[in-house]
Amino acid sequence: MTVEDSLRAIVGESHLLVDPDLRAPYETDWTRRFTGTARCVVRPSSTAEVAAVVRACAAAGVPMVVQGGNTGLVGGGVPTGSEVLVSLTRLADLDPVDVLESQVTVGAGVTLEKLQAHARAAGLDFGVDLAARSAATVGGLVATNAGGIRVLRYGSMRAQLTGLEAVLADGTVVRRLTGLAKDNTGYDLVQLLAGSEGTLGIVTRVRVRLVPRLPARSVALVGLAGTEEALAVLTRARARLTTLAAAEVCYADGVALVRDYAKLPAPFRADFPAYLLLECAAGADPTDELLALLGDSDEVGDATVASDPAGRTRLWAYREAHTEAISAAGVPVKLDVSVPLGELPGLVAELPSTVEKIAPGARTLLFGHLNEGNLHVNILDGGPHAADLTDAVLHLVAAHRGSISSEHGVGRAKARWLALSRSAEEIATMCRIKAALDPTGILNPGVLLTAGK
Ligand SMILES: Cc1cc2nc3c(=O)[nH]c(=O)nc-3n(C[C@H](O)[C@H](O)[C@H](O)COP(=O)(O)OP(=O)(O)OC[C@H]3O[C@@H](n4cnc5c(N)ncnc54)[C@H](O)[C@@H]3O)c2cc1C
């Protein structure tokens, strides 16, 4: 009996995909940069089926690659050749919202958009938001400790987690879904699995805290001379605006690309080197305090503010459409990094020349979540030099005391460079945890930790 026979018996004929055409959408990532061949794709629909799938693969010694919405940007959910690809999208149950605790338990395959809608229908909201919301799954968000545009207000995915259920590499199911606010009873396995990128276990159910629904929102798009000016306005906004919910930065060349792609008009009469998007959210309209802040900020070159839903969406598009516009222009070398805020202007200034030295003519497009010192570095027309570009950019980030992965994770794309952000002792400890939970290395081999380390 082959492993495919065992898997077919667990999930049924129609949820074991062996035909290359049926496997194809799972085998290439959102960016089209990472692609590989899976032995087969298996689509379990319950925790029991996931556990049975894992036991069957473990018994046959066949490695697995774990996948949610396949929107990850570091190749962590893409197969390399011989793995069984375990897709979690059918784990899509939504429990009723627990209004008393302001929490909800959902299946790992629920998309971020569905979780948000579910919370909103109960008069609450979910604290994480990002542009891939229609496809990214809760399991993927946990596995990557996703960040996004609301970290400034609510923290990243780790901060939303109150419980989790996962299947370990031997098929054991660990479950902690009580969601107690205070519970100091030993190692925090929930937080250990968060950010582990599918290397320690397969997340099957997740319990998250919900936040108040803030119906009144106001968005400002601000034109500025550069990153230093954006940081000055942000510092003032953080000190003065209790309603501040998001602070995003982008630059002239990225906005020009987005305008071309999304057919958007110029936001201002003049172009600016840098753009800052601020969003305030509250129970009552926060526009006045946002306007007062902009009025008191000499750095502001020009600004436009919207509080109606259509106007807010229009202003967000200048920032949120960056990933799609870049992807439409080619397959970029995509890096996501963070540095201390004081280092950000220096990094922004040095990146284009660092890239130019390695890949003359390549285009460097930058945008990010300003408050976290995050920059998404996208290099178009640099593909043949991808490894050298990655090496140079990540070394530059390390020289600025930064992290080689701000929020997308390490995946396969950056596993070689982990030592730039973590000490030898930290990596050795991570390897010991991996060896304890997955001694034969069958869960996401080559992701986060390179083989043999
Ligand atoms: C347009 C766009 C915008 C984005 N913006 C942001 C952003 O602002 N902030 C941000 O942090 N990310 C962002 N991302 C990246 C991506 O959306 C996140 O990393 C997201 O968390 C991935 O979820 P997914 O379900 O698609 O996971 P996948 O891509 O399927 O997998 C990602 C990783 O998680 C593992 N994994 C997936 N599901 C599970 C599970 N159930 N159990 C264990 N491991 C699992 C995979 O093996 C892989 O290593 C963006 C992506 C796109 C395309």
Computed P(r) (all Cα pairs; the chain; 20 Å bins; percent):
25, 56, 19, 0
How far is it, in nm, from the label point at Ala232 to the one at Ala349 when both lie 7 Å from their Cα along the line to the Cβ?
1.5 nm
Here the FRET efficiency for Asp5 versus Leu420, based on Cβ atoms and R0 = 41 Å and rounded to 0.05, is 0.40
Quick one: the Cα spread of the range 368-447 along its three principal axes, in angstroms, biggest first?
40, 30, 21
Mean accessible surface per residue for the range 260-360, computed with a 1.4 Å probe while every protein chain stays in place, in Å²:
44 Å²
At 37 °C and 0.692 mPa s, the Stokes-Einstein diffusion coefficient in µm²/s for the range 161-202, with hydrodynamic radius from the Kirkwood sum on alpha carbon pairs, is 303 µm²/s
FRET efficiency (Asp288, Ala328; Cβ distance; R0 56 Å; to 0.05) is 0.90
Kirkwood Rh, angstrom, the range 168-292 [1 / mean 1/r, Cα pairs]:
18.6 Å
Two-site label geometry, Ala159 and Thr28: point separation in nm, points 7 Å out along Cα→Cβ:
3.7 nm
Would you tally the net charge around Leu244, using a Cβ to Cβ cut-off of less than 13 Å, leaving Leu244 out, and scoring K and R as +1, D and E as -1?
+3
What length, rounded to one decimal in nm, is gained on full extension from Thr35 through to Ala270, with 0.36 nm per residue of separation minus their alpha-carbon distance?
80.4 nm
Surface accessible to a 1.4 Å probe, Arg314 within the full protein complex, Å²:
110 Å²
Working out 0.36 nm times the residue gap between Asp302 and Ala436, then minus their Cα-Cα distance, what length gain in nm do you get to one decimal?
42.6 nm
What part of the accessible area of the range 190-230, given as a whole %, is carbon or sulfur when the probe is 1.4 angstrom?
50 percent
Quick one: which of 390-401, 69-80, 204-215 comes out on top by average Cβ neighbours within 10 Å, and what's the full order, highest first?
69-80, 204-215, 390-401
So what's the back-of-envelope 222 nm ellipticity for the chain, counting only DSSP H runs of four-plus at -39500 (n - 2.57) apiece and dividing by all residues, rounded to 500?
-10000 deg cm²/dmol
Tell me the accessible surface of Thr178 in square angstrom (1.4 angstrom probe, heavy atoms of protein chains only), to the nearest ten.
90 Å²
Residue span Ala428 to Ala48: 0.36 nm per residue of separation minus Cα-Cα distance leaves a gain in nm of 133.5 nm
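The values are calculated or read from the model by the stated rules, or taken from the named source; none is laboratory data. Because the structure is a prediction, the values reported are computed rather than measured. No Cβ is skipped: glycine too gets one built from the backbone with ideal geometry, and neighbour counts run over all protein chains shown. In case anyone asks, the SASA skips ligands and DNA or RNA and just uses the protein heavy atoms, side chains included. Shrake-Rupley method; radii C 1.70, N 1.55, O 1.52, S 1.80 Å.
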